[in-house]
Amino acid sequence: MLKIYATPSCQLASPLCAALILAAGSVLADETCQSPYMSKITGIEDFVYVWTLGIEGLGDSSDKLVTIDVRDGSPTFGKPIHAASVGGRHEAHHGGFTDDRRQFWAAGLSDSKIFIFDVATDPAKPRLVKVIDDFIEKSGGAAGPHGAYALPGRMLIPSLSNRDGTGRAALVEYSNEGDYVVTHWLPTDAMPNGARIEARADGYGYDARVLPRRNVMLTSSFTGLENYMRPLADLMKDGDAMKRFGQTMVLWDFHTRQPRTVLSVPGVPLEIRWAWGPHHSYAFTSTALTSKLWLVHEDERGTWRAKEVAEIGDPTKLPVPVDISLSADDRTLFVDTFMDGTTRVFDVSDPHRPQQIYEKKIGAQLNMVSQSWDGKRIYYTSSLLANWDKTGPDNEQFLKAFKWDGKELAPRFAINFAAEGLGRPHMMAFGAASLYTN
C-alpha cells in the first residue's frame with residue numbers, strides 16, 4: 001500500500017533550517033520538548049495549560065484543562081483563570097498541540113478517550129470541541145492513548161496498551177480534523193516487522209519523537225493498563241507484574257513508519273528528548289526503575305546505539321526518574337525524580353559524559369518539568385498517576401514556577417491545585433495570544 005506523508009515548509013530537514021530556529025532563541029519562548037513541526041511562540045508565553053486529573057469530591061470531580069496566567073504585570077499573574085472540564089475522570093495524562101497550534105489534544109489513559117480543545121479562538125479560555133471515544137475500535141485494538149505529537153497535518157498518538165490490557169502497544173495516526181488514518185504496531189519477538197532486535201522486542205510503548213533531518217523516529221516503553229491502573233504499593237508487591245515493564249526503545253524509519261532496530265534499554269525508558277543542534281544526532285531518556293540517564297546516538301558509521309551515560313541520584317533508593325527537559329542549546333538537561341520530589345540539572349554539553357551541576361527539592365512528589373526556549377523559566381507539576389501519587393501529607397498537588405539563571409532556581413509563584421479545588425496537575429503546555437494575531 002502506498003503511503004504519502006505531507007511535509008512542512010520548515011521541518012528541521014536541513015542544517016540551515018535548524019540553525020535559523022536556534023538563532024532565534026532570544027525571541028522564541030516555547031517549551032523545548034515540543035514537536036519541530038509546530039509553530040513556535042514569538043516572545044514570552046502568556047499562559048500555561050495544565051491537563052489535570054479530577055479528584056472525587058473535589059470541585060466538579062472531573063478532569064480539566066486549566067489555564068494559568070503567567071503574564072508579568074497581569075493582575076492575575078500566577079493564578080488559574082479558566083478551567084475547561086471534560087466531565088468525569090479519565091486518568092488525564094499527556095497531550096499536545098496540532099502543528100498549526102489551533103487545537104490541543106488531551107488523552108485519558110483509563111478509557112482511551114481523546115479530548116480536543118479549541119485554543120485559537122480565545123487562548124485564555126480553551127473550549128472542548130470534540131471527543132474521540134472510539135480510539136480502541138478505530139485503531140484495531142490499541143488502548144491507553146499517551147499524549148499527542150504534531151506531524152504535518154496529523155497527530156501521532158502513542159498507546160500504552162491494547163484492548164486486552166496487556167503491554168503490546170501501537171502508534172496511531174489521526175488527521176488534524178480528528179479522523180483516524182492508520183495504526184502501526186510496535187515490533188515484538190513474534191512479529192518483528194523487519195526490525196533488527198538487539199536483545200528482545202517486548203512491544204511496550206510510551207513516548208514517540210521525531211528527528212526529521214535524519215528520517216528517524218524513536219519510541220520508548222512503559223507498561224500496560226493492567227499495571228498502570230493498579231495502586232503502586234500493590235503493584236510493587238507483585239513480582240510477576242513487575243516483570244511486565246518495558247526494556248526497549250525502537251528506532252523507526254520515519255517516512256515509511258517501519259521499525260529498524262529494537263534497542264536494549266533496561267529499566268523502563270520514558271520521556272525522549274532529541275537534541276536541537278543541526279549536527280547533533282542524539283537523544284536522551286531516563287529509566288524509571290534503574291535511575292539511569294541513557295543516550296541514543298548515531299555513531300561515525302551511521303549505526304544507532306543506546307548506552308547508559310550517568311546515574312540519577314542514588315539508584316538503590318529508587319528515586320524514579322519521570323520527566324526530562326533538554327535546553328534549546330543542548331547544554332543543560334533537567335531531570336525530575338518522583339519519589340524524592342527532586343529536580344537535578346546535568347551539564348550535557350558532552351552528551352557522552354553528563355555531569356550533575358545542581359539539584360533542588362521541589363516538593364514531596366514531583367513529575368513534569370517544562371522549560372522555556374530561552375531557558376529562563378521552569379515549571380513543575382506533581383501528579384504521576386492517580387493510583388501512584390503519594391498519600392497523606394505527601395500528596396502535594398501543585399504547579400510551581402521558577403526562574404533559572406544557569407546556576408540556581410528562584411521561585412516565581414506556586415499554586416496548590418487541591419486547595420483551589422482543581423485536582424491533580426499533570427502535563428503542561430504553553431500558550432500565547434500572539435500565535436493567532438500575527
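Assorted remarks:
- log₁₀ of I(q)/I(0) at q = 0.19, 0.27 Å⁻¹ - the range 217-268, Debye sum with one point per alpha carbon: -0.68, -0.97
- Relative contact order of the chain, defined on C-alpha pairs under 8 angstrom at six or more residues apart (%): 14
- About its Cα centre, the chain has a charge dipole of approximately 480 debye under the convention of +1 per Lys or Arg Cβ and -1 per Asp or Glu Cβ, with nothing else charged.
- Residue with peak Gaussian network fluctuation, the chain [Cα springs, cutoff 10 Å], from 286, 221, 327: 327
- Each of 217, 426, 32 was placed along the dipole of the chain (beta-carbon charges, centred on the mean Cα), and the one lying farthest toward the positive end is 217.
- FRET E, pair residue 318, residue 403, Förster distance 35 Å, beta-carbon r, rounded to 0.05: 0.70
- Think of it as helices only: each DSSP H run of n ≥ 4 in the chain is worth -39500 (n - 2.57), and spread over all residues that comes to -1500 deg cm²/dmol at 222 nm.
- Pairs spanning more than 28 Å between alpha-carbon atoms, out of 125/360; 40/400; 243/361; 125/361; 40/64; 130/400: 125/360; 243/361; 125/361; 130/400.
- Relative contact order %, the range 260-385, counting alpha carbon pairs below 8 Å whose residues are six or more apart: 17
- Aspartates and glutamates whose Cα lies under 16 Å from that of residue 79, excluding same-chain neighbours fewer than 8 positions away: 45, 46, 69, 420
- Net length gained if the chain between residue 199 and residue 226 were fully extended (0.36 nm per residue, minus Cα distance): 7.3 nm
- 196, 301, ranked by accessible area, largest first (probe 1.4 Å): 301, 196
- Global size of the range 84-181 as Cα Rg and Dmax, reported in angstrom: 12.6, 40
- In the range 102-149, the portion of solvent-accessible area held by carbon and sulfur atoms comes to 43 percent [1.4 Å probe, whole percent, DNA, RNA and ligands not counted].
- Treating each Cα of the chain as one equal point scatterer and applying the Debye formula with no solvent, the log10 of I(q)/I(0) at q = 0.07, 0.11 Å⁻¹ comes out as -0.29, -0.78.
- For the range 44-83, carbon and sulfur atoms together expose 51% of the accessible surface, with a 1.4 angstrom probe and every protein chain in place.
- Report note on the peptides 257-264, 271-278: ranked by the mean count of other C-beta atoms within 10 Å, highest first, their order is 271-278, 257-264.
- Accessible surface, the chain, averaged per residue in Å² (probe 1.4 Å): 37
- Accessible-area composition of the range 268-315, carbon plus sulfur, in percent [1.4 Å probe]: 47
The values are calculated or read from the model by the stated rules, or taken from the named source; none is laboratory data. Predicted, not measured: the structure shown is a model, and the values here were computed from it. So basically every Cβ, Gly included, is an ideal-geometry build from the backbone, and we count neighbours across all protein chains shown. All accessible areas refer to the heavy atoms of the entire protein, side chains included, with ligands and DNA or RNA removed. Shrake-Rupley method; radii C 1.70, N 1.55, O 1.52, S 1.80 Å.
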